[in-house]
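First the structure, in the form of structure tokens, and then the observations on it.
The values are calculated or read from the model by the stated rules, or taken from the named source; none is laboratory data. The structure presented is a predicted model; accordingly, all values stated were derived computationally and were not measured. Cβ placement follows ideal geometry from the backbone for every residue including glycine, while neighbour counts extend to all protein chains displayed.
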Amino acid sequence: MSEHTQAQSTPGTGDGAAPSGTEGERDLRARIAALEAENRELRALLERREREHVEQLQKVHEALGEAQERLYWLDRWHIDLNALMERPAGERARAAARAVRDVTRPVRSLVRRLRSA
């Protein structure tokens, strides 16, 4: 047996001595309780993150579905948006869209704030 093992196994021999049974058991139980509490907290955090992930995936799938539907109709009608936007009429259409967007964004923002208040 090594000196280190002897020191740990011999009660009452100074620094290397093991704590008495009741103190050691209390310390062990306290440590186990702390680890179990931490485990519960981590499991709850994991569940919250998984729910958030599922919600985020649902939003992504909805957006993807909408984009695919728009693309389907553009392809079906043989509309090439890139070619349309390169023309002077495309520039006017973009300018009109920006003007409409500049007017509607503040209005929509105000409506959202009023609904949440």
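If the requirement is being in a helix (DSSP H, G or I), at pLDDT below 90 and more than 37 Å from the chain's Cα centre (by Cα), which of these qualifies: ALA7, ALA89, ALA17? Break it down into steps so the answer makes sense when it comes.
Details: ALA89 fails: at pLDDT below 90; ALA17 fails: in a helix (DSSP H, G or I).
Just one listed residue meets the conditions, ALA7.
Consider segment 93-115. How many of its residues are surrounded by fewer than 10 Cβ atoms within 10 Å (Cβ to Cβ) and either polar (S, T, N, Q) or touching a residue at least 24 places away in the same chain (Cβ under 8 Å) (or both)?
Total meeting the criteria: 0.
Here is a check on your reading of the model: is GLU66 farther than 30 Å from LEU81 by Cα, surrounded by 10 or more Cβ atoms within 10 Å (Cβ to Cβ) and without any contact (Cβ under 8 Å) to a residue 60 or more places away in the chain?
Values: farther than 30 Å from LEU81 by Cα: no; surrounded by 10 or more Cβ atoms within 10 Å (Cβ to Cβ): yes; without any contact (Cβ under 8 Å) to a residue 60 or more places away in the chain: yes.
So GLU66 does not fit the description; no.
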